[in-house]
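Remarks on the structure that follows.
The values are calculated or read from the model by the stated rules, or taken from the named source; none is laboratory data. Since the structure is predicted, the reported quantities are computational estimates derived from the model, not experimental observations. As a convention, Cβ positions derive from the backbone with ideal geometry for all residues, glycine included, and neighbour counts pool all protein chains shown. Just so you know, the surface numbers come from the protein's heavy atoms only, side chains and all, with ligands and any DNA or RNA stripped out. Shrake-Rupley method; radii C 1.70, N 1.55, O 1.52, S 1.80 Å.
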Amino acid sequence: QVTLVQSGGGLVQAGASLRLTCVASGRTFTMGWFRQGPGKETEFVGSIRLTDGTTYYADPLKGRFIISRDNAKSTIYLQMNNLKFEDTARYFCTGSRYCAGYECYQSSSYESWGPGTQVSVSS
């Protein structure tokens with residue numbers, strides 16, 4: 001199992017940008033981001049395949065959220081732009097040793113989870 005260390009997050013105003021960082025210790029194939037808002041279920045944000053940088057995003061977030069990687073640092077980033085109140089949630093970094101396609105949308109595909117970091121957007 002891979003250990004994931006997250007940083008970033010905080011309280012911002014609507015329209016602002018924020019970047020989350022996740023550093024992995026150990027080998028993983030795909031890394032992703034999930035979030036859980038107050039009173040909501042955990043939902044897929046996006047994922048990135050570390051070998052070639054292929055990304056997948058939840059449809060409502062396409063264009064505003066961008067995932068990138070730095071393999072030399074075993075790090076992925078979640079750049080969140082034009083944040084909205086409804087983006088308020090706890091964001092979790094995840095790691096999977098095998099998911100490569102649309103199965104990466106499922107939380108069950110990830111065996112490693114970070115502790116989460118809170119993002120709060122004021123309207």
Handout entry: Apportionment of accessible area to carbon and sulfur, the chain, percent (1.4 Å)
Key = 49 percent
Fill in the blank from the handout: Toy charge model, Lys and Arg Cβ at +1, Asp and Glu Cβ at -1: the chain dipole around Cα centroid in debye, rounded to 20, equals 240 debye
Problem - Over the range 61-123, volume per residue of the alpha carbon convex hull, in Å³ - result: 112 Å³
Practice task
Would you grab the residues whose amide H sits under 5 Å from the one on residue 112? Only those 5+ places off in sequence or on another chain, please, with H modelled 1.01 Å from N.
Solution key: 95
Exercise for the section: Determine the per residue accessible area of the chain with all protein chains present and a 1.4 angstrom probe, expressed in square angstrom. Expected result: 50 Å²
Exercise for the section: Quick one: work out the % antiparallel among DSSP beta bridges in the chain, nearest 5. Expected result: 90 percent
